[in-house]
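Data first, discussion second: the structure below is written as C-alpha cells.
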Amino acid sequence: METIKKIRVLQTIRQGKIGGGESHVLDLVRYLDKNLFEPVVLSFTDGPMITSLTQMGVPAHVIHTERAFDIGVWKKVKQFLQAQQMDIVHVHGTRANTNVLWAARSLGLPVIYTIHGWSFHDSLPAWNRKARILAEKFITRRTRLNITVSDSNHRTGVREFGSFKSTVVKNGVNLDKFDLEGTYPDVKASYGIPAHHLVIGYIVRITEQKDPLGMLRAYAHVCTNFKDVTLLMIGEGDLKAAAVQLAKDLGIADRVIFDNFRQDVPAVLNAVDIYCLPSLWEGFPIGVLEAMAMGKAVIASDVDGTREAIEDEVSGLLVPPKDEGALVAALERLLKDRAMRRYLQENAGKSVKAKFDVREMTHKIETVYQQVLAPL
C-alpha cells in the first residue's frame, strides 16, 4: 500500500507570547488533518506558545529577532526552510512575513499570508502610516495568496492598494477549550472578589490599540454609581504601568485587579459577567469570540472585524471607539438590566457555535493549501 506524502506546512509568527494571532496558530496546527498535513512552527521570539506546541508534539523553532525587515535573519530562515523541506509557508502577520518572504521566494516556495489586522491605522503619524501601507502593498503582491480574517480588512486592502486580492477566512474559536458547560476553578474567589460583585473583564494586551486608559476612565464613572462591581484587567503591554498609575489617580485602585496573562483563560472568563474590548481597530478579535463562547455579555468597539463578530443588541453591544460616554452607558445598562445581560449571553454562545467554530476555519484553510499546491 502506497504511503501518501504529507504536505509539510510552516506556520510562522512574530512572537511566542500568547495573543490573538498566536492562539490562531495553536488552534490551526491542533486541528489540521494530520493524515494530510505535517505542521511545523517558526517564531521569532520564545514564549508560552512554544511550550504549548511542544506539549502538543508539534515541532516548534525560534530564530530570534524583534525587528521587521531584519535582513540579518533572512539567511538563517532560508537555511531553516531548506533543512525542513517545507512545501508551503504560511505567515501570520506583517513582521513574520517581512522576515520570511525573501527566503521562501528564493526557494520557490508558495507563501500564504494571513493578515490578522493591518499594520497601518489612523492613529499613526501620517508618514509612518504611508510607509506601512507601501510595505503591505509590496508584500501582499509577492505572496501566492493572501487571507484576510474579516470582510472589513479585505475592503481596506482594496481601498488602500488599488489592486488587492484575498480569501476571507474568519477566525474561529476552540469550542473544546472554551466550553460553556465545562467545570472551572473559582478564579473570582482566588482574587478575593466578593461573591456578590459583578465582574467586568478586560483580558487583552494592554496597548494603545486596546484603549486601556479609556477603559479605566469609563469604569471610574461606573464606580460612582455602582458599588458592587470589580474590573479584572488581565494582560501585559507597554501601557500597563500607565494603566496601574491611572487607576490610582482616579481613586479606583481598590476596585481594579491587575494580573499578567494567564494560560487558563476559560477559567478567567468563567468568573466574568461582562467582557469589554474598547479597541481602536481590530482584525477579527479572537478574545471576543472566546468570551462569546463562554456565554458572556460583550461590549466592544464598533470597528473592523468586531462588527462582523457581534450583532449589535443581539449577541453583544457595539459602541463607537474612543467614546467613553457611550462605553459608560453600555456598561451601566448591562449592570442594571439582568434580563438584557442574559439575553446577550445566550445569543453569544449560540452565535459562536453556529458561525465561528475553529474546525470550520481550519477546513477552509486546508482547502486553501490544497488549491495552492494543485497543478495549474
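The values are calculated or read from the model by the stated rules, or taken from the named source; none is laboratory data. Since we're looking at a predicted model, the values are computed, not measured. Please note: Cβ atoms are built from the backbone with ideal geometry, for glycine as well, and neighbour counts cover all protein chains shown.
Quick notes on this structure:
- Considering residues of region 180-190 that are surrounded by 14 or more Cβ atoms within 10 Å (Cβ to Cβ) and part of a helix (DSSP H, G or I) only, the residue farthest from the chain's Cα centre (by Cα): Lys188
- Residue check for Ser119: assigned by TED's automatic domain parsing to the domain that holds His363, closer than 22 Å to Gly20 by Cβ and modelled with pLDDT of 95 or more: no
- Conditions (1) farther than 30 Å from Leu124 by Cα; (2) out of contact with any strand residue (DSSP E or B) (no Cβ under 9 Å at 6 or more places or on another chain); (3) part of a loop (DSSP other than H, G, I, E, B); number of the one not met by Ile193: (2)
- Single residue of region 83-115 satisfying the filter (touching a residue at least 12 places away in the same chain (Cβ under 8 Å) and part of a loop (DSSP other than H, G, I, E, B)) that is surrounded by the fewest Cβ atoms within 10 Å (Cβ to Cβ): Gln85
- Residue check, Gly16 farther than 23 Å from Met361 by Cβ, of a type in the set (Gly, Ala, Ser) and either modelled with pLDDT under 95 or touching a helix residue (DSSP H, G or I) at 6+ places or on another chain (Cβ under 8 Å) (or both): no
- Residue within region 91-103 that is among the aliphatic types (A, V, I, L, M), within 30 Å of Ala309 (Cα to Cα) and in contact with a strand residue (DSSP E or B) (Cβ under 7 Å, 6 or more places away or on another chain) present: yes
- Subset of region 26-45 that is under 18 Å from the mean Cα position of the chain (by Cα) and surrounded by fewer than 20 Cβ atoms within 10 Å (Cβ to Cβ) - its residue that is nearest to Gln370 (Cα to Cα): Arg30
- Going through (1) within 22 Å of Gln209 (Cβ to Cβ); (2) outside any helix (DSSP H, G or I); (3) free of Cβ contacts under 8 Å to residues at least 60 places away in the same chain; (4) touching a strand residue (DSSP E or B) at 6+ places or on another chain (Cβ under 6 Å) one by one, Leu124 falls short only on (4).
- Of all the residues in region 139-162, those that are without any contact (Cβ under 8 Å) to a residue 24 or more places away in the chain and out of contact with any helix residue (DSSP H, G or I) (no Cβ under 9 Å at 6 or more places or on another chain) number 4.
- If you go through region 196-210 and keep only what is part of a loop (DSSP other than H, G, I, E, B) and touching a strand residue (DSSP E or B) at 6+ places or on another chain (Cβ under 8 Å), you end up with His197, Val204, Ile206.
- All of Glu324, Glu308 fail the test of being farther than 19 Å from Leu231 by Cα, out of contact with any Pro (no Cβ under 7 Å at 6 or more places or on another chain) and in contact (Cβ under 8 Å) with a residue 24 or more places away in the chain, apart from Glu308.
- Residue match in region 23-35 (condition: in contact (Cβ under 8 Å) with a residue 60 or more places away in the chain, acidic (Asp, Glu) and assigned to a helix (DSSP H, G or I)): yes
- Some residue of region 239-247 being assigned to a strand (DSSP E or B) and in contact with a Ser or Thr (Cβ under 7 Å, 6 or more places away or on another chain): no
- Selected residue (criterion: surrounded by the fewest Cβ atoms within 10 Å (Cβ to Cβ)) from residues of region 282-337 that are under 20 Å from the mean Cα position of the chain (by Cα) and among the acidic types (Asp, Glu): Glu311
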